[in-house]
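A short write-up of the structure that comes next.
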Amino acid sequence: MAPVFKDVSKSAHDLLNNDYCFDRKLKLTTMTASGLQLTTEGTLKPKGVAGKLTGKFSPFTGITMKKIGVDTNGRFSTEATLTNALAGATFTVKAEDGGDVAPAGELTVDYTTGGVALNGSVDVCDVNGPTLYGSATYHHDSTYLVGGEVKYNTGFDSSNGSPSVVDFNAAIGYTGGDFTAILSTKKKTTDVNFSVHHDYSKDIKLATTYGHSSKLLSVGGIYTLDSTTKFQGKVNSNGIVSANAIQIVSPGVKLISSVEVDAKNFAADSHKFGLQLILG
């Protein structure tokens with residue numbers, strides 16, 4: 001099955017970025033008898049604690065409130081999906097407001113059939129919009145992938161009413177069984193990015209990404225020691241070395257320790273350390 005365009009490089013980027021956290025963070029997830037999932041998160045910041053409370057539940061078959069919550073800035077957010085209106089299609093509504101930030105809202109539809117994935121959305125709160133977005137990917141025989149995206153500002157709400165193409169990009173990829181290589185663009189095809197994800201063995205996964213504009217090369221991997229312990233690490237061409245130790249202390253309790261070191265300047269105070277405690 002083809003991924004939507006925004007996820008074509010997801011496996012490599014997730015391996016190099018997920019679980020790294022250089023704050024002190026606590027996350028608690030609980031499930032009520034009625035099926036309501038509640039998640040409380042708190043992060044220790046230099047100027048205090050930032051937190052948010054979110055809920056997830058399914059009031060009817062095919063409808064899921066994936067997120068409804070509020071954070072300590074007073075920002076309210078909600079996200080709901082509908083999956084049983086049309087075979088292969090998922091409709092999503094997102095909305096945010098409050099916290100002295102402009103409201104945001106988006107309507108999205110994802111449709112997959114065979115090796116084709118289509119995605120379309122409209123940003124209903126764009127100041128000069130609404131802005132329309134569309135993408136398509138085709139995965140031939142689960143081996144070759146091609147795709148593209150375009151974002152178009154209708155200009156209906158702007159003073160001069162001038163529509164314009166905001167962005168357009170393309171991607172090609174190859175899946176070779178134990179690895180996936182993707183070449184994609186950003187910023188109207190002016191920035192070329194390359195990523196590779198490799199299942200080296202059942203216990204080791206490796207990934208690399210390269211951004212041509214930033215000239216940044218990142219290489220990393222994750223090693224599963226046993227059912228309760230994983231080690232994760234990465235290094236980039238700027239000399240930043242990062243590592244994670246992911247430990248399942250007991251069922252429902254996960255501890256993640258993160259460290260980041262500037263290998264080019266050990267005497268600097270830019271090194272980072274973080275802890276995450278995840279309950280539930």
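The values are calculated or read from the model by the stated rules, or taken from the named source; none is laboratory data. Only a predicted model underlies this, so the values are computations on that prediction, with no experimental measurement involved. Note that each Cβ is placed from the backbone with ideal geometry, even for glycine, and that neighbours are counted across all protein chains shown.
Being closer than 25 Å to GLN232 by Cα and either at pLDDT below 95 or touching a Leu at 6+ places or on another chain (Cβ under 7 Å) (or both) is true for just one of THR32, THR61, THR72, THR43. Which residue is that? Walk me through how you get there before you give the answer.
On the way: THR32 fails: closer than 25 Å to GLN232 by Cα; THR61 fails: closer than 25 Å to GLN232 by Cα; THR72 fails: closer than 25 Å to GLN232 by Cα.
None of the other options fit; the residue is THR43.
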Look at TYR210 and say whether it is modelled with pLDDT of 95 or more, in contact with a Leu (Cβ under 9 Å, 6 or more places away or on another chain), loosely packed, with under 15 Cβ neighbours inside 10 Å and part of a strand (DSSP E or B).
no
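Please work out which residue is nearest to LEU26 (Cα to Cα), limiting yourself to the stretch 77-92 and to residues that are surrounded by 15 or more Cβ atoms within 10 Å (Cβ to Cβ) and in contact with a Gly (Cβ under 7 Å, 6 or more places away or on another chain).
Residues of the stretch 77-92 surrounded by 15 or more Cβ atoms within 10 Å (Cβ to Cβ): 77-83, 89-92.
From what's left, in contact with a Gly (Cβ under 7 Å, 6 or more places away or on another chain): 77, 82-83.
Values: SER77: 20, LEU82: 31, THR83: 32 Å.
Once the filter is applied, the top-ranked residue is SER77.
Which ones in the stretch 94-106 are in contact with a strand residue (DSSP E or B) (Cβ under 6 Å, 6 or more places away or on another chain) and either surrounded by 16 or more Cβ atoms within 10 Å (Cβ to Cβ) or on the phi > 0 side of the Ramachandran plot (or both)? So that I can check it myself, show each step before the final result.
At the first step, the residues of the stretch 94-106 found to be in contact with a strand residue (DSSP E or B) (Cβ under 6 Å, 6 or more places away or on another chain) are 94-99, 103-106.
LYS94, ALA95, GLU96, GLY98, GLY99, GLY105, GLU106 - these are the residues of the stretch 94-106 that are in contact with a strand residue (DSSP E or B) (Cβ under 6 Å, 6 or more places away or on another chain) and either surrounded by 16 or more Cβ atoms within 10 Å (Cβ to Cβ) or on the phi > 0 side of the Ramachandran plot (or both).
Select from the stretch 257-272 the residues that are in contact with a Gly (Cβ under 7 Å, 6 or more places away or on another chain) and in a strand (DSSP E or B) and write down the one among them that is farthest from SER218 (Cα to Cα).
SER258
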The condition of being in contact (Cβ under 8 Å) with a residue 24 or more places away in the chain and either surrounded by fewer than 12 Cβ atoms within 10 Å (Cβ to Cβ) or out of contact with any strand residue (DSSP E or B) (no Cβ under 7 Å at 6 or more places or on another chain) (or both) holds, among GLY176, GLY274, only for GLY176
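In the list SER184, SER218, which residue meets the criterion of being at pLDDT 95 or above, surrounded by 17 or more Cβ atoms within 10 Å (Cβ to Cβ), more than 16 Å from ASP7 (Cα to Cα) and of a type outside the set (Lys, Arg)? Steps first, please.
Details: SER184 fails: more than 16 Å from ASP7 (Cα to Cα).
That would be SER218, the only listed residue that is at pLDDT 95 or above, surrounded by 17 or more Cβ atoms within 10 Å (Cβ to Cβ), more than 16 Å from ASP7 (Cα to Cα) and of a type outside the set (Lys, Arg).
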Log entry, pairs with first residue in the stretch 185-204 being touching a residue at least 60 places away in the same chain (Cβ under 8 Å), second being surrounded by 13 or more Cβ atoms within 10 Å (Cβ to Cβ) and part of a strand (DSSP E or B), beta carbons closer than 6 Å, six or more apart or on different chains, reads ASN193/SER184; ASN193/GLY211; SER195/ILE182; SER195/THR209; VAL196/ALA181; VAL196/THR208; HIS197/THR180; HIS197/ALA207
Considering residues that are of a type in the set (S, T, N, Q), in a loop (DSSP other than H, G, I, E, B) and closer than 16 Å to MET1 by Cα, the number found within the stretch 141-181 is 2
Within the stretch 221-245, restricting to residues that are in contact (Cβ under 8 Å) with a residue 40 or more places away in the chain and crowded, with 18+ Cβ neighbours inside 10 Å, the one that is farthest from ASP269 (Cα to Cα) is ILE222
